[in-house]
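The values are calculated or read from the model by the stated rules, or taken from the named source; none is laboratory data. If you're wondering where the values come from, they're calculated on a predicted model, not measured in any experiment. Cβ placement follows ideal geometry from the backbone for every residue including glycine, while neighbour counts extend to all protein chains displayed.
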Amino acid sequence: MEKADDIMAMCLHAGQLMLRYGSETFRIEDTMRRMGRAAGMEQVNTFVTTTAIFLSFKSPVDQRDHIQMLRIEERYQDLSKVTSVNQLSREYVSGLLTSREVKKQLKEIEEAPMNYPVWFIYLASGIGGGAFSYLIGSSVMDMLPAALGGLVTAIALVRYQMRLKVKFFSEFLASFTGALLAMLMVQMGLVMNTNQVIIGTIIPLVPGVPLTNAVRDLMSGDLVAGVARGAEAAVSSMSIAGGVAVALTIFFV
Amino acid sequence: MAMFALELGLCFVATIAFAIIFNIPLRLVWWGGFIGVGTWAIYSLMPVLGLSLVFAAAVAAFFASFVSQWFARFMKVPVTTFSLPGIIPLIPGSRAYETMLAFVQERYLYGLEQGVETVLQAIAIAAGLVFAFSVFSVGKGVGQRYETHR
């Protein structure tokens, strides 16, 4: 039987990675509970909110309660890391890996670079913006300005995020930059369908991870986390809409 | 017809691009693309049959979430990997833009009208997700309201 502190550290690390990279609350709690039980701990209890993790269990070796809390400050969207941790916990629970190997692999996952290089994500934002804009406006000519806008918005978001601490403000500025560029292209007469180009420009900013997680958290009974994520998604959408509204005001009034 | 085929193709490309924006592993990206295409087909064909856009959004979101749950169970990965790109084509971007434009130009009544429709469509997407999630968790939920099993 391993020491309780080691098991605690392993479970918390797995939970920390899942929460940081955008998993839903239910999955984090479930993963930590299963890992704790598979390690032989009793009375495993977890509580996860959007910004913190609590884990407690009773060790059968020393018959004492262990409880720890972990504050999560940075949150990203990287679902491939969530998938890796999920796979790792499955292998641990079914007995394929020892806790030492799990710890090593968790460290590897944490220190690994992003699944895609950042230029590839910029490119995907451009292509996604262009292709999505066709679904809205059905004008083939406007796909190119929309793609350019999506590319610039994604680059702007990453650049602003490096310097600004407030997530919502960098989203506001990025959508403002993108919408300004789109409106400039409209003014130069390159665009037939303004609507389509603006949507294609700001669509890479959509807070998809908090939105879907909010719905799933609320439905699986994690009310605190669900409401918090819903608020995050709402404020994100508002800041994106605000950025576009300011750009529109400059040109239309 | 050719227009519709082009739409579906572009929808596939857009969904995959969004899967990459959300950093989903490359081996799973394609499945999300197929779900996105199915979602868009439902969402754009139902209004042709005379049903409302909001209802179409709900059914399409239900489809996306339901198929995602199957795929996730089959491949043993988190559901979000598939459902997140799957519902991207449903985002009511055009209406949201109309809402904002109307408010900027001080046409408040029209803005409210468009805003209500945007919100309704967002709620419909959430409802579709919730229904599929509930269908899959029959018998696994938590206790509620009456403790009948004592």
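Scan the range A:158-172 for residues that are of a type in the set (A, V, I, L, M, F, W, C) and surrounded by 21 or more Cβ atoms within 10 Å (Cβ to Cβ) and jot them down.
A:F172, the sole residue that qualifies.
Restricting to the range B:1-33, give me the number of residues that are closer than 19 Å to B:V79 by Cβ and assigned to a helix (DSSP H, G or I).
Final tally of qualifying residues: 14.
I need a count of the residues in the range A:107-133 that are surrounded by 24 or more Cβ atoms within 10 Å (Cβ to Cβ) and among the aromatic types (F, W, Y).
Final tally of qualifying residues: 1.
Count, please, the residues in the range A:202-225 that happen to be farther than 24 Å from A:Y122 by Cβ and facing chain B (nearest Cβ under 8 Å).
Number of matching residues: 6.
Of the residues A:A147, A:A154, which single one is under 19 Å from the mean Cα position of the chain (by Cα), closer than 16 Å to B:I16 by Cβ, touching a residue at least 24 places away in the same chain (Cβ under 8 Å) and assigned by TED's automatic domain parsing to the domain that holds A:M238?
A:A154
How about the range A:107-134: which of its residues are more than 8 Å from chain B (Cβ to nearest Cβ), part of a helix (DSSP H, G or I) and more than 26 Å from B:F4 (Cβ to Cβ)?
Passing the criteria: A:K107, A:E108, A:I109, A:E110, A:E111, A:V118, A:W119, A:Y122, A:L123.
When only residues in the range A:135-152 that are among the β-branched types (V, I, T) and within 11 Å of chain B (Cβ to nearest Cβ) count, which is farthest from B:M3 (Cα to Cα)?
Step by step, filter the range A:135-152, then rank; the result is A:I136.
Pairs please, first residue from the range A:82-100 and over 17 Å from A:D30 (Cα atoms), second anywhere and assigned to a helix (DSSP H, G or I), Cβ atoms under 6 Å, 6+ apart in sequence or on different chains.
A:L97/A:E91; A:S99/A:M10
Can you tell me which residue among A:G226, A:G242, A:G221, A:G200 is assigned by TED's automatic domain parsing to the domain that holds A:S170 and at positive phi?
A:G221
Considering the range A:25-72 alone, what residues qualify as being aromatic (F, W, Y) and within 27 Å of the chain's Cα centre (by Cα)?
Within the range A:25-72, A:F26, A:F47, A:F54 meet the criteria.
A:M35: part of a helix (DSSP H, G or I) and hydrophobic (A, V, I, L, M, F, W, C), yes or no?
In short, yes.
How about the range A:93-115: which of its residues are closer than 29 Å to B:I20 by Cβ, at pLDDT 90 or above and touching a helix residue (DSSP H, G or I) at 6+ places or on another chain (Cβ under 7 Å)?
Result: A:V102, A:Q105, A:L106, A:I109, A:E110.
Any idea which of A:M8, A:M35 is closer than 26 Å to A:M114 by Cβ and more than 13 Å from chain B (Cβ to nearest Cβ)?
One residue alone meets the criteria, A:M35.
Kindly check whether there is at least one residue in the range B:54-63 that is farther than 23 Å from B:F136 by Cβ and in contact with a helix residue (DSSP H, G or I) (Cβ under 9 Å, 6 or more places away or on another chain).
yes
Restricting attention to the range B:61-69, does a residue exist that is more than 13 Å from every other protein chain (Cβ to nearest Cβ) and in contact (Cβ under 8 Å) with a residue 40 or more places away in the chain?
yes
Checking the conditions here, which among B:G128, B:G115 is of a type in the set (G, A, S) and within 10 Å of the chain's Cα centre (by Cα)?
B:G128
Go through the range A:56-98 and report how many residues are among the β-branched types (V, I, T) and assigned to a loop (DSSP other than H, G, I, E, B).
Summing the residues that are among the β-branched types (V, I, T) and assigned to a loop (DSSP other than H, G, I, E, B) in the range A:56-98 gives 3.
I need a count of the residues in the range B:104-124 that are within 10 Å of chain A (Cβ to nearest Cβ) and without any contact (Cβ under 8 Å) to a residue 12 or more places away in the chain.
Number of matching residues: 3.
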